[in-house]
Amino acid sequence: MSYDSDNIFAKILRGEIPCDKVYEDDHVLAFRDIQPQTPVHVLVIPKGGYSSFDDFSRDASEAEIAAFVRAAGQIARDLGVVADGYRVLANHGRDANQEVPHFHLHLFAGKPLGRMIKPLDK
């Protein structure tokens, strides 16, 4: 999957589209999802042009990777969701229903989230 510099997250990073920012540093931007699926639904994105977890994990610098992981944890702490729990989710590709071709994590919290995936029937 090649990077599309006209995707909505690239436009947010360039300031062409506003966002409800909850965190920003040199490598990471996080903002509230405009169609939240839980009371707390934040998108965490690297500022670099990475399409998916695959190319982020392969091509991002150590500094970018460390900043991204640390930011996700800091955001959860800042939002006060650590004690009750939260979920992080990254979709990759068609089968996972990745909608925006810019690597991102969803941070979900604020209610019981239930099972992540149903067990396979045997």
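The values are calculated or read from the model by the stated rules, or taken from the named source; none is laboratory data. These numbers come from a predicted model, not from an experiment. Cβ atoms come from the backbone with ideal geometry, glycine included; neighbour counts cover every protein chain shown.
Within region 103-122, can you find the residues that are acidic (Asp, Glu) and under 29 Å from SER2 (Cα atoms)? Passing the criteria: none in range. When region 1-24 is filtered for residues that are part of a loop (DSSP other than H, G, I, E, B) and under 18 Å from SER52 (Cβ atoms), the ones remaining, listed by number, are MET1, SER2, TYR3, ASP4, SER5, ASP6, ASN7.
How about region 47-71: which of its residues are among the charged types (D, E, K, R) and over 16 Å from HIS92 (Cβ atoms)?
Of region 47-71, the ones among the charged types (D, E, K, R) are 47, 54-55, 58-59, 62, 64, 70.
Selection gives LYS47, GLU62, GLU64, ARG70.
Kindly indicate the residue of region 68-102 that is of a type in the set (Lys, Arg) and under 29 Å from ASP4 (Cβ atoms) and also surrounded by the fewest Cβ atoms within 10 Å (Cβ to Cβ) among those meeting that condition.
Step one: filter region 68-102 for residues of a type in the set (Lys, Arg), giving 70, 77, 87, 94.
Now drop any that are not under 29 Å from ASP4 (Cβ atoms), which leaves 70, 87, 94.
Details: ARG70: 13, ARG87: 14, ARG94: 8.
In this case the residue turns out to be ARG94.
Within region 29-56, which residues are β-branched (Val, Ile, Thr), over 11 Å from PHE103 (Cβ atoms) and in contact with a helix residue (DSSP H, G or I) (Cβ under 7 Å, 6 or more places away or on another chain)?
VAL42
State yes or no: is ALA96 at pLDDT below 95 and aliphatic (A, V, I, L, M)? If you could, list the steps in order and put the result at the bottom.
Details: at pLDDT below 95: yes; aliphatic (A, V, I, L, M): yes.
It is true that ALA96 is at pLDDT below 95 and aliphatic (A, V, I, L, M).
Considered as a group, the residues in region 57-95 that are hydroxyl-bearing (Ser, Thr, Tyr) and outside any helix (DSSP H, G or I) include one that is farthest from TYR23 (Cα to Cα), and that residue is SER61. Just give me the residues in region 77-94 being among the aliphatic types (A, V, I, L, M) and over 17 Å from MET116 (Cβ atoms), in sequence order. Result: LEU79, VAL82, ALA83. Of the residues that make up region 37-56, is at least one without any contact (Cβ under 8 Å) to a residue 24 or more places away in the chain, surrounded by fewer than 17 Cβ atoms within 10 Å (Cβ to Cβ) and not in a loop (DSSP other than H, G, I, E, B)? Within region 37-56, not a single residue is without any contact (Cβ under 8 Å) to a residue 24 or more places away in the chain, surrounded by fewer than 17 Cβ atoms within 10 Å (Cβ to Cβ) and not in a loop (DSSP other than H, G, I, E, B).
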